[in-house]
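For reference, the structure discussed in these notes is given below.
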Amino acid sequence: MQIAVVGVPAQETITRDNVTLKVDAVVYYRVVDPLKAVINVQNYHLAVSQVAQTSLRAVTGRSNMDQLLSEREHVNAELKDVIDAPTEGPWGIRVERVEVKDISLPESMKRSMSRQAEAERERRARIIAADGEYQASKKLAQAATVMAADPAALQLRLLQTVVEVAAEKNSTLVMPFPVELLRFFDRASLPASLAPPAADAEEDTTALPAPPAALPASTAAVTHPNGSPAADPTS
């Protein structure tokens, strides 16, 4: 016989992790034994619909919300087995396929999930940024080691930076300043006690002028304070 379709109305259920939600589904079935379908059940179409509703509540009640959202195929297969168990043998009805159509979440749960997803994306962005900084720091350390071996490389890097800044057409003024000049000022600012000793001054070899010669004893005269000549002490 042909496959019949029955829609399962939305059922408000509580999942295993205590989340209230609404779930609806659709069931595809086929009558494989018409005699059982007519004799054993009064209205097999309504009976299949009721069994599908109760089975949907049972399956969603023992599943987590994450399983219902991410493992849809597993939930569909479990629903098919649960619905097909009481219908195929006694009623002669075989369930071919069951699919969950929609899962309606409360607005509060939607906002919580949105915040969780935003926090997860922010965490990944920070991890990626931190990893990029770590790799960049390793490369900068290697570049610094290479530049330290050749001082001219640092000057070339400085000139390249000036070119890059000038290409942006901004008002930033960059003045290159030689590092050697800073070292010169550093040495000039040292205290006199820490400065290197100067070269010893050459000794002055110029002879001092000779003192004036003494007067002869015969011609020397002593004058008293009153102006009269004094007697010669040798006489």
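Each value in this text was obtained by applying a stated rule to the coordinates, not by laboratory testing. All values derive from a computational prediction rather than experimental measurement. In this analysis, Cβ positions are derived from the backbone assuming ideal geometry, glycine residues included, and neighbour counts consider all displayed protein chains.
Short to long, the 5 Å bins of the Cα pair-distance histogram for segment 3-105 hold 2, 14, 26, 23, 15, 10, 6, 3, 1 percent of all pairs. Computed from the C-alpha gyration tensor, the three semi-axes of the ellipsoid equivalent to segment 106-149 are 42, 4, 4 Å, from longest to shortest.
The smallest convex shape that holds all Cα atoms of segment 1-49, its convex hull, gives 91 Å³ per residue.
Projected label points at residue 32 and residue 108, each 7 Å from Cα along the beta carbon direction, are separated by 4.6 nanometres. Calculate, for residue 158 and residue 121, the FRET efficiency according to 1/(1 + (r/R0)^6) with r their C-beta to C-beta distance and R0 41 Å; round to the nearest 0.05. Rounded to the nearest 0.05, the efficiency is 0.55.
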